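Nothing in this text is a laboratory measurement; each read-out follows from the coordinates by a stated rule. Everything numeric in this text was worked out from a predicted model, so none of it was measured. Glycine also receives a Cβ, built like all others from the backbone with ideal geometry; neighbour counts cover every protein chain displayed.
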Amino acid sequence: MEIADIRKEYSLQTLDITDVEKSPLDQFKNWFGEVLNSQVLEANAMNLSTIDKNGRPNSRIVLLKGVDHGFVFFTNYSSVKGSELADNPFVAATFHWAELERQVRISGKVEKISSEESDEYFFSRPFSSQIGAWVSPQSQEIPNREFLEIKEKELNKKLTPETIKRPEHWGGFRIIADQIEFWQGRPSRLHDRILYVLQNSGDWKISRLAP
């Protein structure tokens, strides 16, 4: 089969502007609950796009770890994404749940979460993941796989669950969205698209977009 011949007809569900929540965060929580109930693989995986100093986009998959007044994820602050976010805090993020024929697109600005919030999540992780945050100089060139394995062994001998601390270079970001779009696949490529745009008043304008 040629790539251009790949087709899928979407027909599972509908999305109407009269049925959505007034807040996109509430709408997201509703959809995410359905995703979890559907046992979608890696339900919290999102494509995060940043911009480098030359204006070039850079994308990767990260894991959503919380939804409150924004969308929370964690990373190494010294990584490529961390450095790009320090220079330009505007981001775009996309969730794609193929099993439910749905997408959510988020646009906004990131802010660092508090040290207390980062600590709380860090110490909720398995000890091996805590060690991993110390082991990896994320995004930097390394000579080989053994470099990581040797450092991991050294730290496992040196640190314990009682003595380990969160690295200062590791923590969370929160995306404060000003636009969120919900996409539901429909037949004949006439998909449902509902867009929320944050107004100066703090309210959300809700509109339907052509597919």
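Which loop GluC sites (Glu not before Pro) in the range 156-211, with loop taken from DSSP, have no more than 12 other Cβ atoms within 10 angstrom of their Cβ?
Passing sites in the range 156-211 are Glu162, Glu168.
According to the square roots a ≥ b ≥ c of the eigenvalues of the Cα gyration tensor, what is the shape class of the range 167-211, taking rounded for a/c under 1.5, prolate for a/b larger than b/c otherwise, and oblate for the remainder?
It is oblate, given that a/c is not under 1.5 and a/b is not larger than b/c.
Please report the Cα spread of the chain along all three principal axes, rounded to whole Å, starting with the longest.
For the chain, the Cα extents along the three principal axes come out at 58, 51, 40 Å.
Sort all Cα-Cα distances of the range 134-211 into consecutive 5 angstrom bins from zero, then give the percent of pairs in each bin up to the one containing the longest distance.
Cα pair-distance distribution for the range 134-211, in percent: 3, 10, 12, 11, 9, 7, 6, 7, 11, 13, 8, 2.
Kindly provide the Kirkwood hydrodynamic radius of the range 15-84 in Å, to one decimal, from all pairs of distinct alpha carbon atoms.
Kirkwood hydrodynamic radius for the range 15-84: 14.2 Å.
In whole Hz and in residue order, list the ³J(HN,Hα) couplings for the range 49-54 that follow from phi through the Karplus curve 6.51 cos²θ - 1.76 cosθ + 1.60, θ = phi - 60°; x for Gly and Pro.
10, 10, 10, 8, 5, 8
Quick one: which of Lys8/Lys65; Lys29/Lys65; Lys22/Lys65; Lys22/Lys205; Lys29/Lys81; Lys81/Lys109 span more than 19 angstrom between C-alpha atoms?
As for pairs spanning more than 19 Å Cα to Cα, those are Lys8/Lys65; Lys22/Lys65; Lys29/Lys81.
Counting each DSSP H run of 4 or more residues in the chain as -39500 (n - 2.57), what helix-only mean residue ellipticity at 222 nm follows after dividing by all residues, to the nearest 500 deg cm²/dmol?
Mean residue ellipticity, 222 nm, calculated: -7500 deg cm²/dmol.
Give a quick list of GluC sites (Glu not before Pro) in the range 41-119 that DSSP marks as loop, anything other than H, G, I, E or B, with at most 11 other Cβ atoms within 10 Å.
Glu42
Checking the cross-link filter: which lysines have an alpha carbon closer than 19 Å to that of Lys157, excluding same-chain neighbours under 8 positions apart?
Lys165
To the nearest 0.05, what FRET efficiency results for Ser38 and Asp178 with a Förster distance of 30 Å applied to their C-beta separation?
0.55
With θ taken as phi - 60° and the coefficients 6.51, -1.76 and 1.60, list the Karplus ³J(HN,Hα) couplings across the range 98-111 in order, rounded to whole Hz; mark glycine and proline as x.
Each residue of the range 98-111 in turn: 4, 4, 9, 6, 9, 9, 10, 10, 10, 10, x, 10, 8, 9 Hz.
At 0.890 mPa s and 25 °C, plugging the Kirkwood radius over alpha-carbon pairs of the range 125-165 into Stokes-Einstein gives what diffusion coefficient in µm²/s?
Rounded, D is 229 µm²/s.
Among the complete DSSP H segments of the chain, which ones combine at least 15 Å of alpha-carbon extent along their axis with a mean Kyte-Doolittle hydropathy of -1.0 or more?
Helices meeting the span and hydropathy rule in the chain are 24-37.
For the peptides 196-209, 20-33, what is the packing order when you average, over each peptide's residues, the other Cβ atoms within 10 Å and list the highest mean first?
Sorting 196-209, 20-33 by mean packing, highest first, produces 20-33, 196-209.
When the Cα centres of the range 1-64 and the range 122-182 are compared, how far apart do they sit, in Å?
Measuring centre to centre over Cα atoms gives 26 Å.
What ³J(HN,Hα) values, in whole Hz, does the Karplus curve 6.51 cos²θ - 1.76 cosθ + 1.60 give for the range 12-19 when θ = phi - 60°, with x put for Gly and Pro?
Running phi through 6.51 cos²θ - 1.76 cosθ + 1.60 with θ = phi - 60° gives 5, 9, 10, 9, 10, 5, 7, 9 Hz.
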